[in-house]
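Visitor: Following this message is one structure expressed as structure tokens.
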Amino acid sequence: MTEYLVFALTAPMGSFGGLAGHERRGSGGWPGRSAILGLLGAAQGVRRDDAAGQGALRRWQVAVSVLSEGVPVQDFHTVQTVPSANIKRPDTRRQALKALKPRDNPVITRRDYRCDCAFGVALWGEGDQEAARAALERPVFTPYLGRKSCPLAAPMAPRIVQAADVVAALDQVVLPPWLAGRRPLAIASDAAIEGAMQETVWDEPLDRAGWHFGPRTVHVHRPEAKA
């Protein structure tokens, strides 16, 4: 038997990264390793420029169960830079905007989200489980699901459990009442799962300050049970 720290993540909206370009920021189907470790680091008060604290987070192994994959939705933003030919080193934003000309068109960018999403999380490894559990109960920084505009809809209900494997550990996540009895649609795990497929994803945090991520292998299992 292995000890696992398990908790739930539910939110009206979430966004889970992926390969990002200038004009579009996509979203995966579940929060990746970097998102889970970032949330735990925020709960513990680890800042992005704290190299030692960020390095300690990488001791954890992660598994995520998809309980509700949510409905895709897309938001639009506009981005505009005032050409230096119009004005050099404006003192205020108002001064910069006044220098815009009709031909200086903004760029439309897109952000992907998922509505009504829910996940179970299991952590294990060399980290201090009790300290992590306490931090998730009383986080230093406000936790959110991918972006600051995506607050959680319910307490994470962290608890330490014993289980034979990560699948059994995720079955012990305490869910909010409206998700009672929900079964996983998929499980993405650092550890191998019988019958799972292997995928290469780029969500291993290497440098939080520089937003650098590396590849890793994730084991994706899709149970036959329906949600």
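Visitor: Select one label from (1) 1.02; (2) 1.22; (3) 1.05: the one whose number is Rg/Rh (Cα atoms, Kirkwood Rh) as derived from the coordinates shown.
Guide: From the options (1) 1.02; (2) 1.22; (3) 1.05, the structure gives (3).
Visitor: Keeping every protein chain present and rolling a 1.4 Å probe, give me the accessible area per residue for the range 68-227 in Å².
Guide: Numbers: 10120 Å² over 160 residues.
Using a 1.4 Å probe on heavy atoms only, each residue of the range 68-227 averages 63 Å².
Visitor: Please state the charge dipole magnitude for the range 115-178, taken about the Cα centre, from unit charges on C-beta atoms (+1 on K and R, -1 on D and E), reported in debye and rounded to the nearest 20. Could the numbers behind the result be given before it?
Guide: On the way: 5 positive and 7 negative charges, 67 e Å.
Approximately 320 debye in magnitude.
Visitor: May I pose another question? Residue farthest toward the positive end of the dipole of the range 128-180, with Cβ of Lys/Arg at +1 and Asp/Glu at -1: which of 158, 141, 180?
Guide: Positive-end residue among those listed: 141.
Visitor: Here is a further query. 222 nm [θ] for the chain, helices only, -39500 (n - 2.57) per DSSP H run of 4+, per residue, to 500? Please report the intermediate quantities before stating the final value.
Guide: Details: 5 runs with 39 residues, N = 227.
Roughly -4500 deg cm²/dmol at 222 nm, from the helical runs in the chain.
Visitor: Positive end of the dipole of the range 1-64, charges at C-beta (+1 Lys, Arg; -1 Asp, Glu), about the Cα centre: which of 35, 55, 17 has its Cα farthest in that direction?
Guide: The one lying farthest along the dipole's positive direction is 17.
Visitor: Can you find, among 87, 74, 100, the residue sitting farthest towards the positive end of the charge dipole of the range 58-102, where Lys and Arg contribute +1 and Asp and Glu -1 at Cβ?
Guide: Going by the charge dipole, the pick is 87.
Visitor: Further question: When the chain is modelled as a GNM with alpha-carbon springs shorter than 10 Å, which of 142, 78, 217 fluctuates the most?
Guide: Result: 78 has the largest fluctuation of those listed.
Visitor: On to the next question. Can you pull the percent of the range 84-197's accessible area that's carbon plus sulfur, 1.4 Å probe, other chains left in place? Before the final figure, lay out the partial values.
Guide: Values: 3490 of 6880 Å².
Reported share for carbon and sulfur atoms: 51 percent.
Visitor: While we're on this one: State to the nearest 20 debye the size of the charge dipole of the chain about its Cα centre, where the only charges are +1 on K and R beta carbons and -1 on D and E beta carbons. Numbers along the way, then the final one.
Guide: Values: 28 positive and 23 negative charges, 288 e Å.
Dipole size: approximately 1380 debye.
Visitor: For the peptides 163-170, 180-187, 34-41, what is the packing order when you average, over each peptide's residues, the other Cβ atoms within 10 Å and list the highest mean first?
Guide: Working: 163-170: 19.4, 180-187: 15.0, 34-41: 23.0.
Final packing ranking: 34-41, 163-170, 180-187.
Visitor: Treat each spin label as a single point 7 Å out from the Cα along the C-beta direction, and report the residue 50 to residue 92 distance in nm.
Guide: The modelled label-to-label distance comes out at 3.8 nm.
Visitor: What nm value, rounded to one decimal, do you get for the distance between residue 73 and residue 131 when each label is placed 7 Å out toward the C-beta?
Guide: 3.8
Visitor: OK, next. Counting only GluC sites (Glu not before Pro) that are in a DSSP loop and have at most 13 other C-beta atoms within 10 Å, tell me the longest site-free stretch of the chain.
Guide: On the way: sites that count: 23, 126, 194, 224.
In the chain, the maximal stretch lacking such sites is 24-125.
Visitor: Tally Lys/Arg at +1 and Asp/Glu at -1 over every other residue whose Cβ is under 15 Å from the Cβ of residue 215; what's the total? Present the calculation step by step, with values, prior to reporting the outcome.
Guide: Details: positive: 33, 58, 216; negative: 190, 199, 203, 204, 207.
Taking every other residue near residue 215 into account, the sum is -2.
Visitor: In a shell of Cβ-Cβ distance under 14 Å around residue 100, excluding residue 100 itself, what net charge do Lys and Arg (+1) and Asp and Glu (-1) give? Could the numbers behind the result be given before it?
Guide: Details: positive: 93, 94, 98, 101, 103; negative: 104.
With Lys, Arg at +1 and Asp, Glu at -1, the net is +4.
Visitor: Still on this structure: Count the net charge of all other residues whose Cβ sits under 14 Å from the Cβ of residue 52, scoring Lys and Arg as +1 and Asp and Glu as -1. Mind dumping the intermediate values first?
Guide: Values: positive: 47, 48, 58, 59, 208; negative: 49, 50, 207.
That works out to +2.
The values are calculated or read from the model by the stated rules, or taken from the named source; none is laboratory data. Model, not experiment: these values are computed from the prediction. Cβ sites come from the backbone with ideal geometry, for glycine too, and all protein chains shown count toward neighbours. Accessible surface is based on the protein model in full, side chains and every heavy atom, while ligands, DNA and RNA are left aside. Shrake-Rupley method; radii C 1.70, N 1.55, O 1.52, S 1.80 Å.
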